[in-house]
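Asks: Structure incoming, see below.
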Amino acid sequence: MRVLTFLLLLPTIYFAQNANKLEKYPVFPSCENAKNVALAACFNTAVQQYFVDNFNTPAAVSEEELTPFNVQFEVTREGRFEVIYIDSNNALLKEETTRVFNSMPAITPATYNGVPSISQYRMPVVFPLEVRETVMSPTTIKDITSSTNVNTAANDDVINEYNLIETFPFDNEEYTSQLNIPLSHEMYTRFDAAMNRVGTNTHTAQKPYIYSEVNRYYDFAAENGKLIKERSTWLGRKWWNEHFVTLKGKDYWFTLDPGVDLQVGRDFDNDLSTYNNTRLVNFQGGLGKIVNFNATVYESQGRFADYVNLKTRSFAPDGGNPGIVPGRGIAANFKEDSFDYPVATGHISVTPSKYFNVQLGHGKQFIGDGYRSLFFSDTATPYPFFKLNTTFWKFKYTNTWMSLRDVRSEVTADGSFRTKYIANHYLSYNVTERLNIGLFESVIWQNDNDRGFDFNYLNPVIFYRAIEFSTGSRGGNALLGLSGKYKVNNNINLYGQFLIDEFSTSDVFGGNGSYKNKTGYQIGAKYYNAFKIDNLYLQAEYNRVRPFTYSHNSVILNYGHNNQPLAHTLGANFSEFIAIARYRKDRWYSDAKVILAKRGLELNENAIPFYGGNIYGTEDNRLSDDGNDLGQGNATDFFHAELEAGYLINPTTNLKIYSSLIYRDFNPETNNALNSSASTVWFNVGLRTDLFNWYYDY
């Protein structure tokens, strides 16, 4: 049975007209003798009548699903009908509507100044339908190509340029943009398997990824489309499926989303109520095809489990602020026992050709295929950066320059934090369809002798160690690294890193425990769709970093920023085993993580003697030249287990509701004011826009 009502309610668009210019509707054969307004009415009736006569309501669509929707279509210069956009959430109705419009016969196109032109129309549809007498007005008449009356047309376009501004339906343009994908372990797990298939020419160590490079292997629109909830109301679509505000023009697009990170919980062992109250605004967009940008502003207050609060206060900067929330930012006091910590991140991404991508921003970077990175991680607070990605053949070469801060009171001068700079290179090479190797190089230097940013390090293809020597033996701190990944098959890959922070071969390989043997390594494996269970992800990883790695005899040249490590969150002088399991089904997800570590901590706050665990200690205070071994100092057993389960409310904004449970056991050999034995059971529930990684495993 087919009972149809067709309701056409369209805004009237003003177009300037004069005696020498005529805007004329497309003409059906039955309307050839109609004039002016009568022609518009005839076109309106003919379109409706054809639709009524040819639309077949799909049998699988129930009466409840026959909800109103809009159709935007155009008549081309050749007189063909083409659908531009249908805002129905029902795929069958969209398919049938598209079929009907595609079957319409070609007619005489609209004219503008007597020239065939493209015309666009918007058509609301309500069920059941019938032909109405409403006159259909065009939303645009465009693309005038005739050389006749060029000056007249140009003048009229200027006079009416405001009314001629076009907007189009938003179609998830970020998925094909040059924007960075937010660093979220749960989000990256969704497409990690697709990026690591045998035969792909991908480079997975340089993070954050860019949407367009991932979209080649993982179709964001299609995958998120599988999660669409059919909603007819504006609020329903915005809550479950879409960006809050969108705007799209001919050569630009923007989205604006409010967000939150709301947590409430309990640290049972310390009888402490915890919370986090973050409000955020995320703004992103594109101008033309090569320029994209993103800005996210956070305003936050929080009180965390006791061990996190202690870590926050241990990072306290000079100047009176009580701490730095790990990975977030400098905190002020809020009420009696909480922190207020604003954060802002963002970047501009420019891709002038398929070979180059240039970024300027304030945020975080990550280099590696593991959960941890020994090269560069996202554990520290955001920082200014400039990045150049060069991709060609089987190579991807990433150069990043950053400005960092040392905020300790002993290095602060005239009330200002000390500035230091870092530059690193990472060259990724796909040797075969299965084997990838990477070369890492990094150097840190300070603003000594007022040299500021040293342009010696701006060259993207030099060997930093040579530059370090040329600027003075204590002028910089250089590190080298080698990484590798091997795809056993489409479901299993192995990865690893090896880091050298000292270039004395005899000390590194001499076997006498030299303090100059500053090395670390990582080995790991990932198993996708484990045991043939779709979307079950397993990962195992082992990290080992010797004492004194990342530290330096010039204390400001350590590998840190805002009192936090730039690489592994445990600093140095540790060994660690990590096991991770992640599973997702439709919008549901769950994560489990277990960490076992042996750590060698300092015995007192000023790190004298220095055992090599705190990267902010100075090697001049080292315990001894030789005989240094992993775990020396205050030997500490560390155990961390974490469970999280949640529901993805909106795949477009990554809004999720979740609960988590953390068990942590920290057991140093010697209890003192710096470190003492503690067990923590911390339960949390929250609503979160997941745009960055929280690390509670330290």
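The values are calculated or read from the model by the stated rules, or taken from the named source; none is laboratory data. Predicted, not measured: the structure shown is a model, and the values here were computed from it. Positions of Cβ are generated from backbone atoms using ideal geometry, with glycine treated the same way; all protein chains shown enter the neighbour counts.
Matching residues to (1) touching a residue at least 40 places away in the same chain (Cβ under 8 Å); (2) surrounded by 20 or more Cβ atoms within 10 Å (Cβ to Cβ):
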position	(1), (2)
Ala478	no, yes
Gly484	yes, no
Lys487	yes, yes
Leu494	no, no
Asp501	yes, yes
Gly511	no, no
Asn517	yes, yes
Ala525	no, no
Tyr537	yes, yes
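Asks: Is there any pair linking a residue in region 676-694 that is of a type in the set (Gly, Ala, Ser) to one that is outside any strand (DSSP E or B), with Cβ under 7 Å and at least six apart or on different chains, and which?
Replies: These pairs meet every condition: Ser677/Asn671; Ala678/Tyr307; Ser679/Asp269.
Here's the yes/no breakdown for (1) free of Cβ contacts under 8 Å to residues at least 24 places away in the same chain; (2) under 30 Å from Tyr486 (Cβ atoms); (3) in contact with a strand residue (DSSP E or B) (Cβ under 7 Å, 6 or more places away or on another chain); (4) exposed (fewer than 14 other Cβ atoms within 10 Å of the Cβ):
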| residue | (1), (2), (3), (4) |
| --- | --- |
| Phe191 | no, yes, no, no |
| Asn196 | no, yes, yes, no |
| Gly236 | yes, no, no, no |
| Gly249 | no, no, no, yes |
| Trp253 | no, no, yes, no |
| Leu256 | no, no, yes, no |
| Asp261 | no, no, yes, no |
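Asks: Going residue by residue through region 72-89, is there one that turns out to be over 36 Å from the mean Cα position of the chain (by Cα), assigned to a helix (DSSP H, G or I) and either within 15 Å of Val125 (Cβ to Cβ) or not charged (D, E, K, R) (or both)?
Replies: For region 72-89, residues over 36 Å from the mean Cα position of the chain (by Cα), assigned to a helix (DSSP H, G or I) and either within 15 Å of Val125 (Cβ to Cβ) or not charged (D, E, K, R) (or both): absent.
Asks: Scan region 377-392 and give yes if some residue there is within 22 Å of Thr189 (Cβ to Cβ), hydroxyl-bearing (Ser, Thr, Tyr) and not in a strand (DSSP E or B), otherwise no.
Replies: Yes, there is a match, as at least one residue in region 377-392 is within 22 Å of Thr189 (Cβ to Cβ), hydroxyl-bearing (Ser, Thr, Tyr) and not in a strand (DSSP E or B).
Asks: Right, something else. Taking Asp267 as meeting all but one of (1) surrounded by fewer than 17 Cβ atoms within 10 Å (Cβ to Cβ); (2) closer than 18 Å to Asn684 by Cβ, write down the number of the exception.
Replies: All conditions are met except number (1).
Asks: Would you mind telling me which numbered condition in (1) within 23 Å of Ile228 (Cα to Cα); (2) modelled with pLDDT under 90 Tyr112 fails?
Replies: Here Tyr112 meets the rest and fails (1).
Asks: All but one of (1) within 24 Å of Asp690 (Cβ to Cβ); (2) at pLDDT 95 or above hold for Asp171; state the number of the condition that does not hold.
Replies: (2)
Asks: Test Asp251 against the criterion of being more than 22 Å from the chain's Cα centre (by Cα) and closer than 23 Å to Glu166 by Cα, and give yes or no.
Replies: yes
Asks: On the given criteria, is Pro138 assigned by TED's automatic domain parsing to the domain that holds Cys31, surrounded by 15 or more Cβ atoms within 10 Å (Cβ to Cβ) and either at pLDDT below 80 or among the polar types (S, T, N, Q) (or both)?
Replies: yes
Asks: Out of Arg584, Arg599, which single residue is among the basic types (Lys, Arg) and out of contact with any strand residue (DSSP E or B) (no Cβ under 7 Å at 6 or more places or on another chain)?
Replies: Matching residue, one of Arg584, Arg599: Arg584.
Asks: Please enumerate the residues belonging to region 383-442 that are over 19 Å from Thr618 (Cα atoms), in contact with a Pro (Cβ under 7 Å, 6 or more places away or on another chain) and hydrophobic (A, V, I, L, M, F, W, C).
Replies: Across region 383-442, the qualifying residues are Leu388, Met402.
Asks: Please work out which residue is surrounded by the fewest Cβ atoms within 10 Å (Cβ to Cβ), limiting yourself to region 287-339 and to residues that are charged (D, E, K, R) and in a strand (DSSP E or B).
Replies: Filtering region 287-339 for residues that are charged (D, E, K, R) and in a strand (DSSP E or B), the one surrounded by the fewest Cβ atoms within 10 Å (Cβ to Cβ) comes out as Glu299.
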